[in-house]
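The values are calculated or read from the model by the stated rules, or taken from the named source; none is laboratory data. Just so it is clear, the model here is predicted, and its values are computed rather than measured. Glycine gets a Cβ as well: all are built from the backbone with ideal geometry, and neighbour counts include every protein chain shown. Just so you know, the surface numbers come from the protein's heavy atoms only, side chains and all, with ligands and any DNA or RNA stripped out. Shrake-Rupley method; radii C 1.70, N 1.55, O 1.52, S 1.80 Å.
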Protein chains: 2
Amino acid sequence: MTKEALLLTIAVLGGTGKEGKGLAYRWAKAGYRMIIGSRTSEKAVTAASEIMERLEGGSSVVGTTNLEAAQQANIVVLSVPYSAHRDTLESVKEALKGKLLVDVTAPLVPPKVSKVQMPPAGSAAQEAKEIVGEDVEVAGAFQNVSYKHLMGEEDVECDVLVTGTSKKARQEVLTLVEAAGLVGWDAGPLENSVVAEGLTSVLININKLYGSKHAGIKITGAPRPL
Amino acid sequence: MTKEALLLTIAVLGGTGKEGKGLAYRWAKAGYRMIIGSRTSEKAVTAASEIMERLEGGSSVVGTTNLEAAQQANIVVLSVPYSAHRDTLESVKEALKGKLLVDVTAPLVPPKVSKVQMPPAGSAAQEAKEIVGEDVEVAGAFQNVSYKHLMGEEDVECDVLVTGTSKKARQEVLTLVEAAGLVGWDAGPLENSVVAEGLTSVLININKLYGSKHAGIKITGAPRPL
């Protein structure tokens, strides 16, 4: 357990969903204090208990509403379906001031989820930045990782492209990527989030056409970060 | 040499540039009849001669103007800097009717080439489609492959994401990817080209930060196409 992990509390809004729960599981295991957020605290409490059951003692995972989760955390991870993206952010934005928001959302628009369809802001992460305003650092990450990989213990063969409003924000998220047992890359400014978000549709397309279930990407030709 | 290769002539507009020349070299080697296009035929003739010198006998590579190259080819590959993208397409669009246009362009906007900055159409490939109109199939591909890899003989560790206006167009381009010795994936409709084009900026960013020169991507978790 690192010093950072001891000091930081991470909220996962929408942490009852498969990907959010998987991320919370991995970070709790790494020693972070975790808060699962959901629209109702009951569902969040249930998800927190599930994660605690899978973990050794000494971990800290609690469940509450999205708003209370955001209020009590240092870092807030948003893992909701795109249809709930704006409303969730509007409902917690006051609690985000001075904090880091990590947006995991791929803005899929059913029924054509294998076609890239970005919001007018350019990407979900840029839209989040527009909603939360100046006092919040925003990063985009984890859009391409299959939740099945997160709940398992094996190595995940999918790199994470990390974009963000500052180098410091990207570095903080790269620490979280590593804590989750994944390999992350600084992929540049938040405007570049369109690549990782859009890649989700490309990978859905590949899964459909090539008979796979968990297609991902790996960066080649560069020294892999530790 | 396959039957298709014997029947098809490929023009590479901007084929005097490093990436275009690399692609032309690989396709000529695979048996396709190649036409290098450039703004002036002199430069194109020189590039064609360079390629012929590197190849065994039996290959066919000629050079001429972009317009004449487009007129005489079955498939037209556009490999120009983004600053010349619109003008080149306007100048050849009449010659493209009924043909397949393969857009290799990543719309980099200097000086911030590591930041994704797409044109209003959504991507360079979608902009190309707007310019050339209904009678031309358009595909996007090869935006992430380093030219150094193309001019060499070794295996290229960078997969190619192929998008296009129809499944048939994508299949035709996947055949070209394979002929160039690369692994390609059907990445869906032309709207998805923003991912591959934007990835070029992400990879430039990775090269800058991680000290690499030829970062690329590989699809994981899916059976690799033959």
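Here are some notes:
- A:L150 vs. criteria open to solvent by less than 60 Å² (accessible area, probe 1.4 Å), more than 8 Å from chain B (Cβ to nearest Cβ) and touching a Pro at 6+ places or on another chain (Cβ under 9 Å): no
- Here region A:155-170 is the region considered, the condition is being within 11 Å of chain B (Cβ to nearest Cβ) and within 16 Å of B:S114 (Cβ to Cβ), and the residue that is farthest from the chain's Cα centre (by Cα) is A:K167.
- Some residue of region A:122-143 being among the polar types (S, T, N, Q), out of contact with any Phe, Trp or Tyr (no Cβ under 9 Å at 6 or more places or on another chain) and within 14 Å of A:E19 (Cβ to Cβ): yes
- Within region A:93-119, the set of residues being part of a helix (DSSP H, G or I) and open to solvent by 20 Å² or more (accessible area, probe 1.4 Å) comprises A:K93, A:E94.
- Cβ-Cβ distances below 7 Å connect the following pairs, each with a first residue in region B:134-148 that is outside any loop (DSSP other than H, G, I, E, B), a second residue that is basic (K, R) and crowded, with 24+ Cβ neighbours inside 10 Å, and a separation of six or more residues or different chains: B:V138/B:K129; B:A139/B:R170.
- Yes/no for A:A48 being aliphatic (A, V, I, L, M), more than 16 Å from the chain's Cα centre (by Cα) and surrounded by 24 or more Cβ atoms within 10 Å (Cβ to Cβ): yes
- Hey, B:G15 small (G, A, S), in a loop (DSSP other than H, G, I, E, B), open to solvent by less than 10 Å² (accessible area, probe 1.4 Å) and touching a residue at least 12 places away in the same chain (Cβ under 8 Å) or not: yes
- Among residues of region B:171-222, those that are under 19 Å from A:A215 (Cα atoms) and more than 7 Å from every other protein chain (Cβ to nearest Cβ), counted: 6
- Residue match in region A:34-42 (condition: of a type outside the set (S, T, N, Q), touching a Leu at 6+ places or on another chain (Cβ under 7 Å), buried (at least 24 other Cβ atoms within 10 Å of the Cβ) and within 19 Å of A:M151 (Cβ to Cβ)): yes
- Of all residues in region B:1-12, those satisfying the criterion of being modelled with pLDDT under 95 and either of a type in the set (V, I, T) or open to solvent by less than 10 Å² (accessible area, probe 1.4 Å) (or both) are B:T2, B:A5.
- Scanning region B:180-226 for residues that are touching a His at 6+ places or on another chain (Cβ under 9 Å) and either of a type in the set (D, E, K, R) or part of a helix (DSSP H, G or I) (or both) yields B:L203, B:N207.
- Qualifying residue in region B:131-144 (condition: in contact with a strand residue (DSSP E or B) (Cβ under 9 Å, 6 or more places away or on another chain), crowded, with 20+ Cβ neighbours inside 10 Å and facing chain A (nearest Cβ under 7 Å)): no
- Some residue of region B:60-81 being among the acidic types (D, E) and open to solvent by 50 Å² or more (accessible area, probe 1.4 Å): yes
- Taken over region A:24-42, the residue count meeting the criterion of being closer than 18 Å to A:Q72 by Cα and either assigned to a helix (DSSP H, G or I) or among the hydrophobic types (A, V, I, L, M, F, W, C) (or both) is 8.
- Residues of region A:52-92 that turn out to be farther than 30 Å from A:P111 by Cβ, assigned to a helix (DSSP H, G or I) and not polar (S, T, N, Q), as a count: 7
- Top-ranked residue in region A:149-179 [being part of a helix (DSSP H, G or I) and in contact with a Lys or Arg (Cβ under 8 Å, 6 or more places away or on another chain); ranked as farthest from A:G216 (Cα to Cα)]: A:A179
- Odd one out for B:V183, checked against (1) surrounded by 24 or more Cβ atoms within 10 Å (Cβ to Cβ); (2) under 23 Å from B:G152 (Cβ atoms); (3) in contact with a Pro (Cβ under 9 Å, 6 or more places away or on another chain): (1)
- Identity of the residue in region A:121-130, more than 22 Å from B:A187 (Cα to Cα) and more than 12 Å from chain B (Cβ to nearest Cβ), that ends up most open to solvent (accessible area, probe 1.4 Å): A:E130
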